[in-house]
Every structure is written in structure tokens, then in C-alpha cells.
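Visitor: Please see the structure below; I have some questions.
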Amino acid sequence: MTSILSDASIDGALSVGSGLHYKLRRMNLKPGWLLLLSVSAGVWSVPIDRNGGNQEVKEEVQEESVDTGLYYDRYLREVIEVLETDPHFREKLQTANTEDIKTGRLSKELDLVSHHVRTRLDELKRQEVSRLRMLLKAKLDSTNRQSLQMDHASLLKQFEHLDPHNQNTFEAKDLELLISTATKDLENYDAERHEEFKRYEMLKEHERREYLKSLDQEKREREEKRMQELKEKHRQHPKVNSPGSVAQLREVWEETDGLDPQEFNPKTFFKLHDTNEDGVLDEQELEALFTKELEKVYNPKNEEDDMMEMEEERLRMREHVMKNVDTNKDRLVSLEEFLKSTEKKEFSNLKEWETLDTKPVYTEEELQRFEAELRDKEEELKRRAETLRQEQELLKERGKALEAQRREYQQAVLEMSQRQKELQPVDGQPPAGPNGELQFQPGTHKPEDKEAKAPAEHKAEAQNNLPAEPPQNLPLHT
């Protein structure tokens with residue numbers, strides 16, 4: 001039996017750090033799945049009831065399910081949900097360790113799940129293959145590369161989250177590919193966010209320059225001065241403490257938690273902000289700690305403050321803390337890691353955090369390449385628009401021709417109907433000839449003539465059948 005997870009995929013996920021972990025934590029997965037999807041051993045323990053003696057049933061608050069952004073996100077979720085419905089497999093996941101996964105001991109467990117679970121997994125895979133085929137067809141149609149002999153098996157090889165050679169059943173290899181591919185894809189999540197933000201900033205600068213070009217000299221100078229004043233106003237903000245430093249944490253302790261800054265206790269602070277009480281600070285809980293610092297720089301009511309920049313700043317702060325605190329690179333901060341970070345020299349660093357306005361996120365060369373790319377796309381859109389316009393004109397002409405044909409057909413039908421009416425004889429009048437003359441046809445009698453003639457014939461016949469009267473003046477015989 002093939003191992004569910006290969007050694008290479010597990011080692012790579014554990015060493016690089018699983019972007020999948022953070023996303024799947026927010027998908028409300030059970031602890032066993034967090035382990036199976038390559039997270040550290042400290043996360044997959046079975047949840048403990050902190051109120052053991054309390055019999056009151058508390059309403060469980062479900063975290064909002066967040067889309068991972070993967071093009072196979074729905075397939076990933078549905079596979080996980082189906083596997084969790086099998087009690088045996090769920091139990092094995094909760095008691096499994098990293099060695100069980102690396103050595104392939106869990107591979108045989110997939111064969112022991114109930115029949116209806118395997119059937120449902122097979123159905124999910126067939127649906128996913130069908131969806132991917134539709135995507136491929138749509139892509140080929142959009143590029144005008146239609147092929148009557150499309151090899152779906154070969155085209156499906158570009159999708160790495162399932163086995164393209166077996167398109168009908170869900171096997172252990174499919175689970176391995178799904179987990180390893182999702183882990184790899186989500187590891188690049190932060191890098192893609194940075195790149196997206198850079199393009200956002202370049203587009204904003206491009207539009208600013210194009211706007212200024214559209215103004216006359218006087219208005220341009222006035223607008224440039226106004227923009228510069230807004231930029232300077234944005235830079236005038238209170239000191240921003242370095243994320244994860246004692247100054248930053250004490251500020252949260254005092255202003256958010258309402259506690260005495262002189263009584264700051266790292267262990268108590270950790271437990272206060274472990275909001276879901278799972279023993280670790282995940283990325284969402286960490287980012288919540290930076291709100292007070294971000295509010296010093298960004299205000300949604302101010303024209304000079306961009307909320308997109310605020311979210312990028314939040315991401316940079318979280319990455320900074322993870323780099324210094326998350327020693328095992330599992331994208332989680334345990335209590336032990338947090339306490340050790342407070343003992344480092346950097347924890348007492350009073351240096352101010354450098355915000356985005358202190359350093360541009362792109363170079364002038366990058367901006368020029370971006371603008372060239374925009375021009376190329378604009379030209380391509382113009383060509384497509386012209387093609388569509390020509391096709392629209394052609395359709396209009398064809399529509400006019402069809403409308404003219406329709407009118408001709410209607411006129412022809414109307415004329416034929418009129419002729420048929422004219423050829424039908426009027427009651428009591430012989431049919432008219434081609435020149436309007438009346439045509440009398442022999443043997444043609446009016447119905448009333450036949451009705452009048454019939455009783456006369458019957459009367460004559462009756463008279464012939466009467467007995468003859470005796471002759472008059474004949475001698476009488478005695």
C-alpha cells in the first residue's frame with residue numbers, strides 16, 4: 001500500500017512551515033487533521049474540557065469559515081468533511097503522531113473506512129475531474145484552440161492535487177497529493193499578498209501621474225502641492241513600537257486589557273490573548289495585537305490614510321514577530337516560544353517601527369515595466385473591443401437581412417391566402433374564370449333543384465301505381 005504522505009512532503013512541510021495550517025485552522029478542522037496536514041505536535045492534542053464539572057451546555061461559537069483562495073478549495077473542504085464522518089478514521093487521526101504519517105502506517109486506514117465514505121469520496125473525485133474538464137474546455141475555447149481530439153488525461157496532469165491516471169476512484173495517492181499540493185500552494189500565500197500589494201501601489205502611482213498630466217500647468221502645480229501636504233500629514237503620527245517588543249506588549253496590556261503596565265506578566269498576557277484557549281497564538285490572534293499600533297498611523301476617516309496599506313502593515317508586523325518568535329516555523333507561537341522571546345535582547349528594543357511610508361515598496365524600473373504592461377493590455381483590450389464592434393455590426397446586418405426575409409415571407413403568405421379566398425365560389429354563383437367571366441359546368445346543379453325534383457318524381461310514380469277506374473257507359477251485366 002502506498003503511503004498517504006511521502007517522507008519528502010512531510011519533511012518539506014515541517015521544515016518550511018505550513019501555510020495550510022493557518023487556513024485550515026480557520027476551517028474548523030479537528031486536531032487530527034491539523035497533524036495530518038503537517039503541523040507541529042503541540043497542536044493536535046485532543047481538546048480538554050476546561051470546565052469539567054460544569055454540566056451547563058454552552059453554545060459553541062463557530063469561527064467563520066474562510067476560503068483558502070485555492071482553486072480546489074471546495075474539493076479540499078468536502079474531502080475533509082467526508083473523512084471526518086468515519087469514526088474509525090477520525091479516531092486514528094486523533095491518536096496519530098508524525099512518525100505514523102511519515103512511515104505510512106495510516107495508509108491502510110483509508111481502506112478500513114466504511115463503504116459509504118469511500119463511495120462518497122469516489123463521487124467527489126469524479127465531480128472534481130468533471131469540473132476540471134470544464135475549466136480546460138473553457139480555457140481552450142477562450143484561446144480559440146478547439147480540438148476535436150482533446151486528450152483530457154494529458155491535460156489533467158497539470159493539476160497536482162489529484163491522480164489524473166485514475167479518474168474514477170479516490171485512493172491513498174489522492175489524499176497524499178491533495179495534502180502536499182495544498183501545503184505547497186499556501187506556503188506562498190504571504191508572498192503573493194506582498195506582490196499583489198506592490199501592484200496596487202504601482203497602479204495608484206500610475207493613475208496619479210496620468211491625472212496630473214491631464215491638468216494644465218496651474219492646476220497641476222496646485223494639485224501636486226495638495227498631494228504633498230496629504231503625504232506629510234500622513235507621516236505625522238505617534239511613535240509606532242516594534243511589534244513583539246516589551247513596549248508594544250505593555251501598551252496592549254494597559255490600553256486593551258486595562259491592566260497596570262508595571263505588573264506586566266508575559267505568561268498572563270499569553271493566556272489573555274489565546275482567545276480560543278488552544279495553547280498557542282495563531283496568526284489571527286497575533287495580528288489582533290497590532291491594532292493599537294496601526295491606529296496610530298491609519299484612520300479610515302482621513303483622506304491621506306489608505307486602508308490597503310494598513311493591512312499590508314499588519315502583515316509585515318506579523319511576519320516580523322513570527323521570524324523572531326516562531327522557532328520551529330510551524331506558523332504558531334507556543335507558550336514556551338513566547339516566554340523565550342521575552343528573554344531575548346530584541347524584546348527590550350525601543351527602536352521605532354519603520355512604517356511603509358518610510359520606504360517605497362517598488363523601484364522606478366519596476367513602475368516603468370508595470371506601465372508598459374498596462375499599455376500592452378490596453379492595446380489588447382482595444383483590439384478586442386474593435387473585433388467585438390465589427391462582429392456586432394455584422395450581426396446587425398445579418399439581423400436586418402433576416403428581418404427583410406421574414407417580411408417577404410409574410411407578404412407571400414398573405415398573398416397566397418388572398419388568392420385562395422378569391423378562388424372559393426360564392427353561394428349561388430358559378431366560379432369566375434381567369435378574366436372574371438362566369439363558368440357554368442354541366443352536371444352541376446344547385447342543391448335546392450335536386451330537392452325539388454325528388455318529390456315530383458315520387459308523385460308521378462305514385463300516380464302510376466293507382467288502380468285504373470272502370471270505363472263509363474258500359475253495359476251492366478247481371
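The values are calculated or read from the model by the stated rules, or taken from the named source; none is laboratory data. What you are looking at is a predicted structure, and each value in this text was computed from that prediction instead of being measured. Glycine gets a Cβ as well: all are built from the backbone with ideal geometry, and neighbour counts include every protein chain shown. Surface areas here come from the heavy atoms of the whole protein model, side chains and all, with no ligands, DNA or RNA. Shrake-Rupley method; radii C 1.70, N 1.55, O 1.52, S 1.80 Å.
Visitor: Report whether or not MET317 is in the same structural domain as HIS273 (by the TED database), within 30 Å of the chain's Cα centre (by Cα) and more than 25 Å from ASN276 (Cα to Cα).
Guide: On the way: in the same structural domain as HIS273 (by the TED database): yes; within 30 Å of the chain's Cα centre (by Cα): yes; more than 25 Å from ASN276 (Cα to Cα): no.
It is false that MET317 is in the same structural domain as HIS273 (by the TED database), within 30 Å of the chain's Cα centre (by Cα) and more than 25 Å from ASN276 (Cα to Cα).
Visitor: Here are some residues: HIS194, HIS206, HIS161. Which one is touching an Asp or Glu at 6+ places or on another chain (Cβ under 7 Å), surrounded by 13 or more Cβ atoms within 10 Å (Cβ to Cβ), touching a residue at least 24 places away in the same chain (Cβ under 8 Å) and not basic (Lys, Arg)? Write out each step before concluding.
Guide: Working: HIS194 fails: touching an Asp or Glu at 6+ places or on another chain (Cβ under 7 Å); HIS161 fails: touching an Asp or Glu at 6+ places or on another chain (Cβ under 7 Å).
It is HIS206.
Visitor: What's the number of the condition GLN127 fails, among (1) at pLDDT 70 or above; (2) surrounded by 15 or more Cβ atoms within 10 Å (Cβ to Cβ)?
Guide: Looking at each condition in turn, GLN127 falls short on (2).
Visitor: Residues of the stretch 335-376 being over 30 Å from GLU304 (Cα atoms) and not assigned by the TED database to the domain that holds GLU319, which ones? Break it down stepwise before answering.
Guide: To start, the set of residues in the stretch 335-376 that are over 30 Å from GLU304 (Cα atoms) comprises 335-348, 376.
Of everything in the stretch 335-376, just one residue is over 30 Å from GLU304 (Cα atoms) and not assigned by the TED database to the domain that holds GLU319, namely ASP376.
Visitor: Also: Look through GLU371, GLU365 and report the one residue that is surrounded by 13 or more Cβ atoms within 10 Å (Cβ to Cβ) and under 16 Å from ARG199 (Cα atoms). Talk me through it step by step, then tell me what you get.
Guide: On the way: GLU365 fails: surrounded by 13 or more Cβ atoms within 10 Å (Cβ to Cβ).
On inspection, the qualifying residue turns out to be GLU371.
Visitor: The conditions are (1) part of a helix (DSSP H, G or I); (2) open to solvent by less than 50 Å² (accessible area, probe 1.4 Å), and GLN167 fails exactly one of them. Which is it?
Guide: (1)
Visitor: Further, regarding this structure: Of everything in the stretch 134-158 that's open to solvent by 90 Å² or more (accessible area, probe 1.4 Å) and assigned to a loop (DSSP other than H, G, I, E, B), which residue is modelled with the lowest pLDDT?
Guide: This residue is LEU148.
Visitor: Hey, another quick one. Given the condition touching a residue at least 40 places away in the same chain (Cβ under 8 Å) and part of a helix (DSSP H, G or I), answer yes or no: does some residue in the stretch 214-227 qualify?
Guide: From the stretch 214-227, those touching a residue at least 40 places away in the same chain (Cβ under 8 Å) are none; that's our starting set.
No, that holds for no residue.
Visitor: When the stretch 294-305 is examined, which residues are found to be under 16 Å from LYS231 (Cβ atoms) and in contact (Cβ under 8 Å) with a residue 12 or more places away in the chain? Show your work before the answer.
Guide: The first filter runs over the stretch 294-305 and keeps only residues under 16 Å from LYS231 (Cβ atoms), leaving 297-299, 302-305.
Within the stretch 294-305, VAL297, TYR298, ASN302, GLU303, GLU304, ASP305 qualify.
Visitor: I need a count of the residues in the stretch 79-108 that are modelled with pLDDT under 65 and part of a loop (DSSP other than H, G, I, E, B). Let's see the steps before the verdict.
Guide: As a first pass, look at the stretch 79-108 and keep what is modelled with pLDDT under 65: 97-104, 107.
This time we only want the ones that are part of a loop (DSSP other than H, G, I, E, B), so: 97, 103-104.
So the answer is 3.
Visitor: Turning to a different aspect of this structure: Starting from residues that are part of a loop (DSSP other than H, G, I, E, B) and at pLDDT below 85, keep the ones in the stretch 329-358 and report whichever is most open to solvent (accessible area, probe 1.4 Å).
Guide: Of the residues in the stretch 329-358, the ones part of a loop (DSSP other than H, G, I, E, B) are 329-332, 342-344, 349-351, 353-355.
Add one more test, that the residue is at pLDDT below 85, and what stays is 329-331, 349-350.
Working: LYS329: 81, ASP330: 20, ARG331: 39, ASN349: 63, LEU350: 117 Å².
Ranking the qualifying residues of the stretch 329-358, first place goes to LEU350.
Visitor: Tally the residues that are open to solvent by less than 60 Å² (accessible area, probe 1.4 Å) and either free of Cβ contacts under 8 Å to residues at least 12 places away in the same chain or over 16 Å from ASN324 (Cα atoms) (or both), restricting the search to the stretch 281-291.
Guide: Total meeting the criteria: 2.
Visitor: Inspect all residues belonging to the stretch 345-358 and state whether any of them is within 33 Å of the chain's Cα centre (by Cα), in contact (Cβ under 8 Å) with a residue 40 or more places away in the chain and closer than 18 Å to LYS198 by Cα. Before the answer, list the steps.
Guide: Taking the stretch 345-358 first, the residues within 33 Å of the chain's Cα centre (by Cα) are 356.
This time we only want the ones that are in contact (Cβ under 8 Å) with a residue 40 or more places away in the chain, so: 356.
Those left that are additionally closer than 18 Å to LYS198 by Cα: 356.
Taking every residue of the stretch 345-358 in turn, at least one turns out to be within 33 Å of the chain's Cα centre (by Cα), in contact (Cβ under 8 Å) with a residue 40 or more places away in the chain and closer than 18 Å to LYS198 by Cα.
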